[in-house]
Each structure stands twice: as structure tokens, then as C-alpha cells.
Amino acid sequence: MFFKHRTESDTIKILRSLNRRTILNETDKQHLLNLQKGFEGEVMFDTLIEKLQCESLILNDLLLKSNNSTFQIVSFMIKEITYLFEIKNYEGDFYYESDNFYTMNGSKIQNPLHQLNRAESLVSQLLHKNGYNNPIESWVVFINPAFTLYQAPKNQPIIYPTQLDYLLKKLSTSSRNLNSRAFDIAKLLSSLHQTDNPYTDLPKYNYEQSKKGFTCKACLSFSIGVNGRKIFCYDCGSEEDIESAVIRSVRELILLFPDKKITTNVVQEWCQVITSQIRITRILKRHFKAIGYGQWTYYV
Ligand SMILES: [Zn+2]
């Protein structure tokens with residue numbers, strides 16, 4: 001059972017939006033691709049463990065603080081043993097040498113085993129401080145079937161793609177039902193989850209230079225027309241109710257520019273193509289709280 005679900009991070013959403021509305025440099029584009037690929041791998045892992053026939057509590061995407069250090073946990077599973085998983089969606093050929101991971105052209109990449117050890121040590125301290133001394137079994141899981149590691153170490157806590165079945169079988173064996181202690185630990189870790197992510201590594205951007213307009217829900221195109229109560233995409237043909245498109249776009253606007261006041265004028269400029277201000281105001285009133293009066297009204 002998923003006690004805490006996984007959602008796309010704000011960093012991915014913002015970078016994806018900036019990739020459409022501004023010109024991202026190659027480093028930021030690569031950062032976005034890496035984050036998206038990482039997220040896909042994590043979702044792949046969720047799909048596998050979701051099918052397990054055993055009682056367990058799974059907490060995804062935890063951001064915790066221990067000993068003044070902030071750390072992330074991709075997947076944490078509580079059953080009679082507590083498991084910590086670091087999921088990597090690396091694809092292609094890599095090699096391992098003197099405790100380091102390299103791509104085939106010799107570039108050193110961050111060692112996921114170090115991330116794993118750090119997270120395990122910090123979460124153990126955090127649990128210990130709160131009166132829980134559960135032993136934790138930690139694994140780096142390489143989820144992508146097209147991943148190969150040359151000179152792979154034999155004595156490290158790594159699950160290679162060909163060993164996923166073994167891991168799932170191991171996890172599905174369960175001798176005991178969950179006790180209240182398991183729920184207490186899950187509640188504790190969820191309550192300690194930090195919502196402010198210090199890892200957000202974003203380029204500088206501003207409202208004026210961001211491209212305005214609806215983007216298509218399906219293909220992200222800006223080629224959007226209005227037909228009655230719907231918008232449609234000239235590129236892929238998909239349709240969406242104007243109301244849901246406005247709300248989606250306003251949420252994107254708030255995510256990108258949390259300090260910007262949401263007024264009818266701003267929303268009209270941001271969405272383009274809607275000629276009627278009355279229509280925009282009606283939609284905003286239905287989904288947001290209006291503050292102020294007349295031309296000074298804004299929405300939160
Ligand atoms: Zn489209």
C-alpha cells in the first residue's frame with residue numbers, strides 16, 4: 001500500500017514549462033531530460049512493487065532532515081524488514097572502477113551507492129532519535145533493461161535489471177502482518193517530509209520574456225484555437241474545455257511566478273485567444289478566492 005504517493009516535482013514542471021516558453025540552454029535542457037528519465041524509472045519501480053502480494057507500507061519521494069543535512073529517499077518500504085531503494089534509470093553501457101561509476105567515454109558520474117549509504121545512515125539516525133531501531137536493508141536498483149555495467153562489483157547492494165524478478169520475489173514473502181509500529185513509522189516520516197526542496201536548480205527567467213498563450217494539454221503546442229466552449233490544437237487535434245485549460249494555465253503561471261498577482265487582465269494576457277474578459281472573470285471566481293473589488297480584484 002502506498003502511504004505516500006509519488007508526483008512529478010515542481011522542478012520538472014517548471015523546467016518543462018520554461019522549455020516551451022523561454023530558450024533553455026543545453027545544460028538546463030539536459031537537466032530536464034535527466035529528471036524526466038529519472039522520474040519515469042521511479043514510476044516503473046512503483047508499478048512493479050504495487051503488484052506485490054504482501055502487506056507493506058511504501059513511502060515515495062521523501063525529503064527529510066537529519067543532523068542538519070537534507071536528504072532524499074526515492075522509495076521506502078516498511079514491512080517486517082525496512083527497505084530503502086535508490087532507483088536509477090540509466091540506459092546504455094557504463095563501467096565500474098575503484099569505487100566509481102563511469103560512462104563509456106570515461107566521464108565519472110555520481111556514485112549511487114554513496115547516495116544510498118548517506119540516506120541510510122541519516123534515516124537510521126532520524127528513526128533512532130524517535131525511538132525506532134529498525135534495521136534497514138538498502139539497495140540501488142538499476143531499473144532500465146538496457147543498462148549494462150562492466151566490471152560490476154559483486155559485493156555491493158545493487159539490483160541489476162536481470163535481478164528484478166529475484167527482488168520482487170524476495171519482497172513478496174511476508175511472514176507477519178503489519179503492526180501498529182509500522183504505521184507509526186510511516187506517519188512519523190510523512191510528518192517530517194519537507195515541502196521546500198533546496199535542490200531546485202533553476203535558470204533565471206522572468207514574466208516579460210516568457211512566451212504567452214495556452215499550450216496544448218497533449219502535445220504542448222502553442223497553436224491553439226477557440227471553438228465555443230473548447231480550445232483545440234491545430235497540430236494534434238486534441239480538445240479541452242476552456243475552463244479546464246484556463247485553470248491549468250493559471251496553475252502553471254502561479255508555479256512559474258508565485259509572486260505575480262492573478263488578475264483578469266494578467267490571465268487574459270497569459271492565455272491569449274480568449275477575447276471575453278467576463279468569461280475569464282467567471283472562471284476565476286469559480287476556482288479561486290477573489291480579493292479586493294472592481295478593477296483591483298485579484299485571485300488567490
Ligand atoms: Zn496538440
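The values are calculated or read from the model by the stated rules, or taken from the named source; none is laboratory data. Owing to the predicted nature of the structure, the values given are computational and were not obtained by experimental measurement. Every residue, glycine among them, receives a Cβ derived from its backbone with ideal geometry; neighbour counts consider all protein chains shown. Protein only, heavy atoms only, side chains kept; ligands, DNA and RNA dropped before computing areas. Shrake-Rupley method; radii C 1.70, N 1.55, O 1.52, S 1.80 Å.
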Worksheet item: With (1) away from the ligand (no atom under 16 Å from the Cβ); (2) exposed (fewer than 13 other Cβ atoms within 10 Å of the Cβ) as the list, and residue 203 as the residue in question, which single condition is left unmet?
Response: (2)
Discussion item. Give me the residue from the range 83-107 that is surrounded by 12 or more Cβ atoms within 10 Å (Cβ to Cβ) and not in a strand (DSSP E or B) and, out of that set, farthest from the chain's Cα centre (by Cα).
Written reply: 91
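Just name the residue that is farthest from residue 19 (Cα to Cα) out of those in the range 32-62 that are within 14 Å of the chain's Cα centre (by Cα) and charged (D, E, K, R).
Within the range 32-62, the first condition is being within 14 Å of the chain's Cα centre (by Cα), and the residues that meet it are 32-46, 59-62.
The next check asks that each one be charged (D, E, K, R); those that pass are 37, 40, 42, 46, 61.
On the way: 37: 16, 40: 19, 42: 23, 46: 27, 61: 24 Å.
Restricting to residues being within 14 Å of the chain's Cα centre (by Cα) and charged (D, E, K, R), the top hit is 46.
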Worksheet item: more than 23 Å from the chain's Cα centre (by Cα) and more than 20 Å from residue 51 (Cβ to Cβ), is that true of residue 110?
Response: no
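Yes/no per residue for (1) more than 16 Å from the ligand (Cβ to nearest atom); (2) within 24 Å of residue 12 (Cβ to Cβ):
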residue: 212; (1), (2): yes, yes
residue: 222; (1), (2): no, yes
residue: 249; (1), (2): no, yes
residue: 253; (1), (2): yes, yes
residue: 259; (1), (2): yes, yes
residue: 269; (1), (2): yes, no
residue: 273; (1), (2): no, no
residue: 278; (1), (2): yes, no
residue: 290; (1), (2): yes, no
Item to complete: Please work out which residue is least open to solvent (accessible area, probe 1.4 Å), limiting yourself to the range 256-276 and to residues that are at pLDDT 95 or above and under 22 Å from the mean Cα position of the chain (by Cα).
Response: 256
Practice prompt. Kindly list the number of the only condition in (1) away from the ligand (no atom under 16 Å from the Cβ); (2) within 29 Å of residue 15 (Cβ to Cβ); (3) outside any helix (DSSP H, G or I); (4) in contact (Cβ under 8 Å) with a residue 40 or more places away in the chain that fails for residue 189.
Written response: (3)
Discussion item. For the range 232-245, check the following and say yes or no: at least one residue is closer than 17 Å to residue 289 by Cα, free of Cβ contacts under 8 Å to residues at least 12 places away in the same chain and away from the ligand (no atom under 16 Å from the Cβ).
Written reply: no
